[in-house]
Amino acid sequence: MAQNGIIRPFDHQLSLIQRIIDALIIIVTLMLSYWLYHQNFSWTDKYTITAIAAVLFFYLAAKINNLYQSYRIAGFIQEIKPLMLSWLGTLAGLLVLGYSFKSTHELSRVVLGLWAVATPIILYTWRRILRQLLQAMRTKGYNTRTVVIVGIDDNAKRLAQNIIHMPWTGLVLKGFISQDYSGEVLSERDENWSVLGGMDYLLDMTRNNEVDVVYLAIPMHEQSSINTILKKLGDSTVSIFMVPDLYTAEIMQGTWVAVGDIPTVSVIDCPTQGIDCWAKRFEDIVLASCALIIFAIPMIIIALGVKLSSPGPVLYKQHRYGMNGKSISVWKFRSMTVTEDDGEFVQVKKNDARVTPFGGFLRRTSLDELPQFFNVLMGDMSIVGPRPHAAAHNEEFRGKIHGYMLRHKVKPGITGLAQINGHRGETDTNEKMERRLHYDVEYILNWSIWLDLIIVLKTPFVIIRDDNAY
């Protein structure tokens, strides 16, 4: 059923649409308030500045109050509080700005009063309408996410009942996972939910992309069991939420999301949501387009050099894992006498006889990676992100290094935080891969446009002085 939905892309577009409509509501409501009082549109620059400043203050306050996070499985009242706090923060910011520039007397207090009262009401109303629309869509099976629950205790059953009784959340319960029990667990609305299998069955489901969200409804005192499950699920790209008991919920700190009256805490989820996803995509398109324009002539020269220096194709592609572990084809200029794919791929070593003299130059300078800017434009890769490893290496290290697959919660990149910190080239030991993974995860947790730009600016200097690539 999850295949019929439009899960992550829809969520990202929805967040962007919310921001745009909020901005329009703020601006248009101010214009209408002005017209209602003055009965004309003799608009002044001061009101234009006020409207623009209000939008900027609102976005800042919304960021602080997490207004644009997903409220798919939260009660509507949970969204109203950050909305009102964001608007109060906006008014406070405008008040400080007005007194700082001594311009408050140039604006009608009646207009501002109407605007201050009407805007949050309209913002509330349109959100209410949107939520009702989304709920109707999800009830009919659109925008859904497939869920399994690990555990069969009372907490797990209560969570399952909330999911079943709230189809508007878009969560579709597939069943339960348990090592020690088999058979029926819950009967609701003339339907039965049973144990699907043990952990091996769940791992097969994650590999086959049959599940989107896993809720761990396991007593917190069973720490060893939880650690074991998290370690196994760390080799996947599913979103994972803990379902603690009420006592644990009171003493733990974290990002909580309620499913009805059951609190859950996010353990692993997609790091870029909403507007961040669109901002990064815009960044990728702009930088990749500029790079292809700048490197157009050098790429033609490189193509001729590859063709004349050794027999074989100019370009070749290799199978890689992209975002959420999906298969992508990564393009490179050929730098070796062979074009091995992952089934027989052997990592390049220092003084490798397969590397051509011209190919060695391309590899040391990373010029063989230039065709990957086309991968970025196609949306398979990003300018900055964890480097895509050969599929054979993924299969090797995902079983050796805990949390290795977390690097696939974002798009792979042409350059990354690991690369500018000296972790380029061969990864022939677990220690080398662990150090690279450390920087990949650090990048995911701390991503920002500013961090991307810093990495992009540092990359050429790292390439010049780094001799780890060969």
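Every number here is computed from the coordinates shown, using simple stated rules; none is lab data. Bear in mind that the values here come from a model prediction, so they are computed numbers and not experimental data. As a convention, Cβ positions derive from the backbone with ideal geometry for all residues, glycine included, and neighbour counts pool all protein chains shown.
Roughly speaking, what is the centre-to-centre gap between the stretch 89-116 and the stretch 148-200 when only Cα atoms are used, to the nearest Å?
About 53 Å separates the Cα centre of the stretch 89-116 from the one of the stretch 148-200.
For Met220 and Ile164, what is the calculated FRET efficiency with R₀ set at 30 Å and r taken between the beta-carbons, to the nearest 0.05?
In this case the efficiency is close to 0.75.
Evaluate the distance, in nm, between pseudo-label points positioned 7 Å from the Cα of Asp180 and of Leu88 along their respective Cα→Cβ axes.
A separation of 4.7 nm, rounded to one decimal place.
Which pairs in the list Lys174/Lys280; Lys63/Lys332; Lys63/Lys432; Lys432/Lys458; Lys411/Lys432 are over 28 Å apart, alpha-carbon to alpha-carbon?
On the way: Lys174/Lys280 33 Å; Lys63/Lys332 39 Å; Lys63/Lys432 37 Å; Lys432/Lys458 21 Å; Lys411/Lys432 21 Å.
Beyond 28 Å: Lys174/Lys280; Lys63/Lys332; Lys63/Lys432.
Quote to one decimal, in nm, the extra length available between Leu36 and Asn208 on full extension: 0.36 nm per residue of separation minus the C-alpha distance between them.
Using 0.36 nm per residue and subtracting the Cα-Cα distance, I get 56.0 nm.
Given 0.36 nm per residue, what is the gain on full extension from Asp190 to His402 after removing their alpha carbon distance, in nm?
Once the chain is fully extended between Asp190 and His402, it gains 72.2 nm.
Express in nm, to one decimal, how much length is gained between Ile122 and Ile297 on full extension, taking 0.36 nm for each residue of separation and deducting their alpha carbon distance.
Stretched fully, the Ile122-Ile297 segment lengthens by 57.6 nm.
Mind giving me the FRET efficiency for Val28 and Phe101? R0 is 30 Å, r the Cβ-Cβ distance, nearest 0.05 is fine.
Rounded to the nearest 0.05, the efficiency is 0.80.
Compute the FRET efficiency between Tyr201 and Ile285 as 1/(1 + (r/R0)^6), taking r as their Cβ-Cβ distance and R0 = 60 Å, and round to the nearest 0.05.
Working from the Cβ atoms, E equals 0.90.
For the pair Ile64 and Arg435, how long in nm is the line joining their label points, each one 7 Å along Cα→Cβ?
4.2 nm
Highest mean first, what order results for 411-417, 305-311, 362-368, 449-455 on Cβ atoms within 10 Å?
411-417, 362-368, 449-455, 305-311
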